[in-house]
Every structure is written in C-alpha cells, then in structure tokens.
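J.: Once you've had a glance at the structure underneath, I'll fire off some questions.
Bear in mind these aren't lab numbers, they're just calculated from the coordinates by the rules spelled out. A quick note: this is a predicted structure, and the numbers were derived from the prediction, not measured. For neighbour counting, all protein chains shown are included, and Cβ atoms are generated from backbone atoms with ideal geometry for every residue, glycine included.
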Ligand code: GCW
C-alpha cells in the first residue's frame, strides 16, 4: 500500500509543480530579470521544424557540474520554447540526437570536428546524419555551445546543416566591477552592488548563480569583484573567505574570480612601513598573500591594479615605475598561474602634459619589460570613456607587451541608466580603428587579439553595469550593452548591428515589425547622444564629480584636467584643443598616416575635429556652414534624434509586454528632457563665449546661462 501511495504521489506531484509554475509565471511581472535568456513558447508551426531534430539530448553518463548546467540550460530552453524538453540519454538512437561531447571520446563518426582547432574554450556545432553535435575540449566549451544552440532557436535560425566553429578572440573576457565593500558602486546606476559581503560566505544569494549563468551565456570567463579604487580590506582573510564562496558558485560556469589589489596593502593590512616594490619584505608579503589566496581559491585569476592615478598609491610613490610594480605582483602570482592586469589609465595633476598624452608617455618606453603574466589594460580612448574618442595611441605602439582593451559598459558619460544609448557600435568603432602599426589593416582588434604583434596573453575588460535592480542593468536597453560587450569580447570582429538584432529578438520578440525599427534606433542612439552632449569631437563637458548633465562653464577646479574648459578651450576666437604640432602634438603618438590625417583639420573626420584642432568659429564645415552654426545644429539635431526615438517607440506599443514597454517609454521621455537640457545649456554657454547669433530658425535656449549654471544635483547616483 505504501508503494502505491508513493506511486500516486509521484504521478500527482509533476501536475502540481506544472500548475504552480504556470501560476507563478502568470504572477511574475516582465521585470527584465530574465535578460536575453528568455525562452517563451514558439508558435506551433515554428516549433515543428525544431522538434523533429531534437528527440533526445545525448550526454555521457558521468558528467561534471558544468555539463549538468549545459543539460539543464537546454532542458530549460527547449521546454520553454517547444513545450517540453527531450529526454536525456547516454545512448544515441537513429535520428534526432543532440550530442553534448566534451572531448573527442563520444563524437559520432561522421562529426568531422577538428577538435584541435577548438582550443581550450572553443566549440563546434555541427549537423551529422542522425542529429547534431555540440563538441568542445572543455566542459565550459560545451556550455558555451549549448547557449549558442539555444540562441539559434531563440532568433529562429535554422538548425539544419549546422557547421559552426567558434573560438574566443582573447583569453581573458572579464567584467570589472567597480563595487565597494559597503555595497556602493562607483559609476553604478542599477542599485547596490550585487555582492552582499556582509552575509558572505554563509549566505549565497541565488542571484550569484543567475549572474554567472548570464556571463557564461556570453562566454565571459572572469569577474574582478571590487573597485579599482581599491580597499586593502578586500585582501584580508575574512574577505578572501567571502570571495572564495563566490568563486565556488562561479566555477562551474567557467568564470574565474579576480581581485583588485591596493598597492599600499602591505602597509595598511600587513604592518609594513613601505610598499616599495623592490623591498624584499614587501615582495615576500605579496608572495605570501598570493599563496594564501590560492589556498582558499585554487582557480583564482589574479589581480587588477590601478596605480598612481587619481590619488591611488603605486610604485611611483617610491621612485619606481609601472614595470617594478606590475612585475612584483606578477612574480607572486606566477607560481599559481595567475595574471596581473595593470591599468594604463594614468594621469597626474602635477604633470602639465596634455592629459591625452600621459599614458603613452609613461608606458611606451616600458615596452618589452613586463613579465609574461602581465596584461596592460588600456581604455579604448586616451582620455576617459567619453561619448566619442579617437582610439588610444598605445594600441599598436607596444609590440612586445600584451595590451588588453578596457571598455566601460556602465554609462558614466552617456546618460547613466535612463538614456537609451547602445554601445555596440561604440565598441566596434574602437576595435575597427586602424593603428597602421604594421601597415594598413593593423586594427585595434588585431592588437587586442594578439594576431598583429604575436603576443601570447590577450584580454578584453568591461566596466560592468550590473547591480541589484531587478533588471540587472538599471534599464532594459542597458542590458544590450552588457550583451554586446560579451559578444564582442568573444569575437572582436563581430558585427554590432547583428548583435543588436540578436539581442532584440532574444530579449523581446522575433516580430519583424518590432525588430527592424528597434535595431535601427539602437544603431543611431549613440550618435544622438554624441550630438546632444559633445558633438564634433568635443569632450568631457559633463558636470563636476557625478558627471550628470552639462557643465561646459566649469573652469575653476583645482586640477586643470577636471575642468571642461581645459578640454573645449572656447573663447571669442574659436573652440577646440590643438593637439597638432602647433599645440600639444598628441597626434605624434599615432603612426604616420594616422598622425598626418589627425594633424590636418581638413582631413580629420568631423566627428573628431575639435578633439585635435582649435579652430575659428568661422571655419567652414563640409556642410558649408560655419563651425559655430554647425555646432548649434548638431546640438539641436541630437534632441531631434531622441524625439524620433520616442516616436519610434510609441509606434511599437502592443508588440511587447506592457511593463517593459512602459518603463522604456518613460525613460525615453527622461532622455528627451535631458537631451534638451544638454542642448540648451551648452548653446547658452557657448554663445556667451562666441558672442554669435544663432543660425536662422533655431530656437534659443528658453533660459539664460545663469539658470543652467545654477542647476545642481548633489545626490546624482554613482558618485561616492
Ligand atoms: O572614468 C573615471 C571615473 C572614475 C574611475 C576612473 C578609472 C574608478 O570617473 O570614477 O575610477 O575613471 O577608470 O579609474
């Protein structure tokens, strides 16, 4: 009787579960938590083409946690999209097998996969006579392949005749969290830090695993946990234990943990009276610290370091240089296989040199001197994640040093979380730039993936935009920037428009009438922001400290390069920063053909004109307008572009769920209001210096300059 009851319970149980799941799905709002990993049911007709090819998932009986995750993801995705998941089996049958193959062993005979070509993290997805295989040399590779396979279905691509081979462009694909131990986030616009340090290691928020899963879906294989403006406490035993608990969660997803290392930690938590990198006691301290970390976190990735920049301690405090500092840490990590990511974002208020030149000046002479396990991490442009910058001249200029790209996913200078600004094209623009380091075609992408100058260690980092907000990124469209970052870190040659399309399909719907206008809007959004904030190569005009809104009139801050006036140099005569040989000669940091173009105002692309040139207000632009008129027109156009985005969005009501639709509509309204503010305040200010009339038909700012100057937002987010 007992047996019977148990049987019955087993029969009823799934029914109850399904019922509960349906209930909770209905009750659960579309709050964006699911990101691009949504698997809504396909229409019957659509599902049919996939169903026949997916009769069973074939996996080895003995499998790792990672392989289990791949199976679970497929089950989740397929049951969502097709109504039910195919059974998992260890034996293939005649047709409809989806093999997950970690390592050569179980490959069907006709698979024809060249496993050697896949490397440690790559994967192949190939159709075979009786189904399809997802093959990789590592379990993480299989997991990546599973996500790719699901993406094909999510975007309604065919799964017949598959012949996909994917290998990552770079070794280290990492999110840099600028999260503080008190859970504030520097430049964070999506709530608090997701790391609940206080409750770690004992409480593991389920969100950690969800985050790791999202990272794995993009092939991101690292996270540095804390702010580069680092707190030495992160390296104390208590915090190492906390980080170790996170590392355990992340490991099955193929994601390694890295930590930011405060250079003065030996003094602050080690009791030493110096942090001089050549001092034997300091070196011994770091070695012991590395040993201690690896004892707790055997797959620890290494250190990320910001040194001698913006007040952070560093080797220069002891008369040493970046090589001395980086190599000391590299020595400590090397026995464990760890790496150092040493940031090149350095500038100093004591240095009168053009800020755009300082990193190159400090680092290029050090080429070839860094240890093998050091990556020098370089921001995409020479100043600081501005709406538009030329590529950083260090790319290509250090042939014997692995240079890693640093992008900013969080939109510190691009309207925070409320402005819809898709960064895929921004990242792609930097990667596609031609450095000419080894002749034409020497793109930044080729420097970064190591193919141009044959460097062994490679990486791409992105300053993350994830926090405790339900939608992770502060807005639905900011998820696209995290997504695009991941896809471009995996493939530095990928097409940002295709990425936008995939994202829109996966995140919202495959409805063509939705996808087309949305992708178009995303692709234009960054130009809109450039226009209403910093057109024609202007830069760093944001309000002080928090960088929220315009502040082009700010000229009196202690450090010269904190002032917008330092960057735009506008006066009665003209505007722009002369970086040609008659000025700071920053152009000379580029290879000859690039330097020649940038040194010549007539050949410099107009979108970088005032970055490199100081020009009279009468300077004639390609439009035939004067520079002054063009500037005003660009600001005005930026607002019009946002208005168009709003209209586009308004036309899409009903294509997606109301909840996400509404929030996006509201945020676009904020964006329009703020674009208008940017435009009006900027024009009011620049007119006060140029003394020129507005071009005909252009509406004047509704308020005087004093009004805009008086606007203050002491509590704008992200500034701590
Ligand atoms: O963009 C600037 C930010 C700082 C940041 C710095 C950096 C972490 O305004 O908040 O500090 O860059 O990249 O180190």
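J.: Among the strands (runs of 3 or more DSSP E) confined wholly to region 162-268, which include 3 or more residues that are over 20 Å from residue 35 (Cβ atoms) and within 16 Å of the ligand (Cβ to nearest atom)?
T.: Fully inside region 162-268 and qualifying: 256-260.
J.: Please go through region 541-574 and give me each residue that is in contact with a helix residue (DSSP H, G or I) (Cβ under 6 Å, 6 or more places away or on another chain) and either over 19 Å from residue 690 (Cα atoms) or away from the ligand (no atom under 16 Å from the Cβ) (or both), ordered by number.
T.: Of everything in region 541-574, those that are in contact with a helix residue (DSSP H, G or I) (Cβ under 6 Å, 6 or more places away or on another chain) and either over 19 Å from residue 690 (Cα atoms) or away from the ligand (no atom under 16 Å from the Cβ) (or both) turn out to be 550, 552, 553, 555, 560, 561, 570, 571.
J.: So residue 517 passes all but one of these: (1) under 30 Å from residue 598 (Cβ atoms); (2) more than 19 Å from the chain's Cα centre (by Cα). Which condition number does it fail?
T.: (1)
J.: For region 73-100, which residues satisfy the criterion of being within 33 Å of the chain's Cα centre (by Cα) and over 23 Å from residue 505 (Cβ atoms)?
T.: Once the filter is applied, which keeps residues that are within 33 Å of the chain's Cα centre (by Cα) and over 23 Å from residue 505 (Cβ atoms), region 73-100 yields 99, 100.
J.: Scan region 373-393 residue by residue and report those that are more than 24 Å from residue 529 (Cβ to Cβ) and within 15 Å of the ligand (Cβ to nearest atom).
T.: 376, 377
J.: Moving on. Starting from residues that are out of contact with any helix residue (DSSP H, G or I) (no Cβ under 7 Å at 6 or more places or on another chain) and within 14 Å of the ligand (Cβ to nearest atom), keep the ones in region 354-372 and report whichever is nearest to residue 562 (Cα to Cα).
T.: It comes out as 358.
J.: Further question on the same structure: How many residues does region 279-321 hold that are away from the ligand (no atom under 16 Å from the Cβ), in contact with a strand residue (DSSP E or B) (Cβ under 8 Å, 6 or more places away or on another chain) and part of a loop (DSSP other than H, G, I, E, B)?
T.: Counting residues in region 279-321 that are away from the ligand (no atom under 16 Å from the Cβ), in contact with a strand residue (DSSP E or B) (Cβ under 8 Å, 6 or more places away or on another chain) and part of a loop (DSSP other than H, G, I, E, B) gives 4.
J.: How many residues are within 26 Å of the chain's Cα centre (by Cα) and within 17 Å of residue 55 (Cβ to Cβ) if we restrict to region 126-145?
T.: 0
J.: Is it true that some residue in region 328-339 is touching a strand residue (DSSP E or B) at 6+ places or on another chain (Cβ under 6 Å), assigned to a strand (DSSP E or B) and within 16 Å of the ligand (Cβ to nearest atom)?
T.: There is no residue in region 328-339 that is touching a strand residue (DSSP E or B) at 6+ places or on another chain (Cβ under 6 Å), assigned to a strand (DSSP E or B) and within 16 Å of the ligand (Cβ to nearest atom).
J.: Still on this model: Within region 284-304, which residues are at negative phi, buried (at least 19 other Cβ atoms within 10 Å of the Cβ) and touching a helix residue (DSSP H, G or I) at 6+ places or on another chain (Cβ under 7 Å)?
T.: Of everything in region 284-304, those that are at negative phi, buried (at least 19 other Cβ atoms within 10 Å of the Cβ) and touching a helix residue (DSSP H, G or I) at 6+ places or on another chain (Cβ under 7 Å) turn out to be 285, 286, 289, 290, 293, 297, 300, 303.
Residue by residue, here is whether (1) touching a strand residue (DSSP E or B) at 6+ places or on another chain (Cβ under 8 Å); (2) within 16 Å of the ligand (Cβ to nearest atom) holds:
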position	(1), (2)
407	yes, yes
415	no, yes
423	yes, yes
440	yes, no
444	yes, no
456	no, no
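J.: Give the residues of region 340-353 that are within 14 Å of the ligand (Cβ to nearest atom), touching a helix residue (DSSP H, G or I) at 6+ places or on another chain (Cβ under 6 Å) and within 12 Å of residue 263 (Cβ to Cβ), sorted by residue number.
T.: Within region 340-353, just 342 meets the criteria.
J.: Further question: Scan region 121-161 for residues that are touching a strand residue (DSSP E or B) at 6+ places or on another chain (Cβ under 9 Å) and in a loop (DSSP other than H, G, I, E, B) and report the count.
T.: Count: 8.
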